[in-house]
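The values are calculated or read from the model by the stated rules, or taken from the named source; none is laboratory data. Here the structure is a predicted model, which means the values were calculated and not measured. Here the Cβ positions follow ideal geometry from the backbone for every residue, glycine too, while neighbour counts run over all protein chains shown. The accessibility values were calculated without ligands, DNA or RNA, using every heavy atom of the protein model including side chains. Shrake-Rupley method; radii C 1.70, N 1.55, O 1.52, S 1.80 Å.
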Amino acid sequence: MLIFNTLTRRLEELKPRDGRRLKIFVCGPTVYDYIHIGNGRTFVFFDAAVKYLRYRGYSVFYLQNITDLDDKIINRAKETGTEPSVLARRFFEAYLTDMARVHADAVSYYAFATDFIREIANQVRRLLRMGVAYVAKDGVYFDVSTFKDYGKLSGQKLDQVMHMVRHEMSASKRNPEDFALWKFTDKHEEGWNYKWGRGRPGWHIEDTAITEEMLGKTYDIHGGGTDLIFPHHEGEIAIMRTLSGNKKMARYWIHSGMLNISNKKMAKSEGNMINLRDAAQKYGGNNLRLFFLSAGYRSELIFDESTVHEATQNLNKIQSLYDRLMQKDSFGLGRIDVPEYRNRIVTAIDKDFDFRSGIMTLLDFANRVNTEFNDLSEDACKECLHFLLEVDSFLCILNFSSGHDQYDRIIDAILEIREMLRKRKEFELSDKIRSMLSEAGVEIEDAGAKVTWRLRQ
Ligand code: AMP
């Protein structure tokens, strides 16, 4: 398995630290609003990547942090007259529901920042003791000049970094590039009392405290979108490597490209967002997932309806092949060279998660099976079905039934009732049905007026 490592800017052979076990950390969302399709692209990519690694026989522990306290959460809570913790919990639940819409469920553990305050404070204490952090008027800062590799991940020299952060100069910082480890708050705001002052964590230290506690001082893979390389990931490296004295924090850094709309990054600050839940409702979660995975993960992806439409057509081809194979009841003697297609797909994706080429090969496979369809033997038919399910264990784009007619009809009946409730605008009950079915392993797909479902594998 080859991985493009942002740190070395090279394709490198994946070598886990511990046999076939991999520890992966990916920066999760700040839960103050619904996630948009840009976030969705990043999270779907890492979901498929982790599932693919599992398919290839690695045992993956996939950790994601949840930023459940920061300025944005506090401001939004004030605007809406809620407690920050209540707001964060609400949008974390919404995040999980949205992830289920695009079948992203590979995370092993969600770590909430506020559950790690002790570990964060412990890192602040050690950094102060080492003399690389200092207490200023509005918080505790990390002195970046003490870390000689600062800028290495983003390929910048310290003077370039200073140029980029100049506008962030706070009166109380020693150097413009220094970043907050701890932000002082007054007693009316959410905060924790420590001897350096009452406050709450800065951004980068949240992740290093979580990963040090759960994955250790050095682990295998750290991921996120390219927008996080600087300053977030540089900051993490500076903190963790200073604390550990190790040459590396994560051995491989994987960054996925931005999703843009009309040549601008999709971001809340740009006001050009499309919420993932609205897009999943309009285009279908499966189609959206295939759209995200159909472009090279490191390149920018432009969101436009025609590309989503193309993904939808491709998915229709794959889905209808699956449905036809399931229903086939007369057989010939024909065979398909499934191992050859498997080999082509695995070779493609083994090279830095090239799902795009893998999907093209799957479409070739669909064409081939369709051409030979009438003549296929029963065994060949089973082998093809098995292969589609195998690939779907990481692509997660197919809708499939249980194979038991009675069971399928029960689910259809429940969904009909859900539709009636939705027409009566009884959304609380209809959402309850969705979440109960999801707990039972049935994922519902709303695509416009059409509702379909699939069983989680
Ligand atoms: P945030 O909640 O903004 O910290 O973002 C959560 C994740 O979504 C991070 O990994 C970001 O890199 C990623 N992200 C944010 N905006 C975009 C975008 N427009 N396209 C792709 N990924 C994004």
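Some notes on this structure:
- Qualifying residue in the range 227-247 (condition: more than 16 Å from the ligand (Cβ to nearest atom), in contact with a strand residue (DSSP E or B) (Cβ under 9 Å, 6 or more places away or on another chain) and more than 19 Å from Y150 (Cα to Cα)): no
- Condition met for G223 (outside any helix (DSSP H, G or I), small (G, A, S) and surrounded by fewer than 21 Cβ atoms within 10 Å (Cβ to Cβ)): no
- Selection count where residues are surrounded by fewer than 17 Cβ atoms within 10 Å (Cβ to Cβ) and among the polar types (S, T, N, Q), scope the range 412-449: 1
- Qualifying residues in the range 328-361 (those that are under 30 Å from the mean Cα position of the chain (by Cα) and aliphatic (A, V, I, L, M)) - the one most open to solvent (accessible area, probe 1.4 Å): M360
- Single residue of L259, L325, L290, L321 found to be more than 30 Å from C384 (Cα to Cα) and open to solvent by less than 10 Å² (accessible area, probe 1.4 Å): L259
- Under the condition of being among the basic types (K, R), within 16 Å of the ligand (Cβ to nearest atom) and farther than 30 Å from P84 by Cα, the residues counted in the range 14-67 number 0.
- G199 meets all of the listed conditions (1) open to solvent by 10 Å² or more (accessible area, probe 1.4 Å); (2) more than 24 Å from C396 (Cα to Cα); (3) out of contact with any helix residue (DSSP H, G or I) (no Cβ under 8 Å at 6 or more places or on another chain); (4) away from the ligand (no atom under 16 Å from the Cβ) but one, namely (1).
- Set side by side, the residues L2, L87, L11 differ, and just one is crowded, with 16+ Cβ neighbours inside 10 Å, away from the ligand (no atom under 13 Å from the Cβ) and either touching a residue at least 40 places away in the same chain (Cβ under 8 Å) or closer than 30 Å to D304 by Cα (or both), which is L87.
- Residue-level analysis places S269 among those that are at pLDDT below 95 and more than 19 Å from Q156 (Cα to Cα).
- Among the residues of the range 131-141, those identified as open to solvent by 30 Å² or more (accessible area, probe 1.4 Å), on the phi < 0 side of the Ramachandran plot and assigned to a loop (DSSP other than H, G, I, E, B) are K137, D138.
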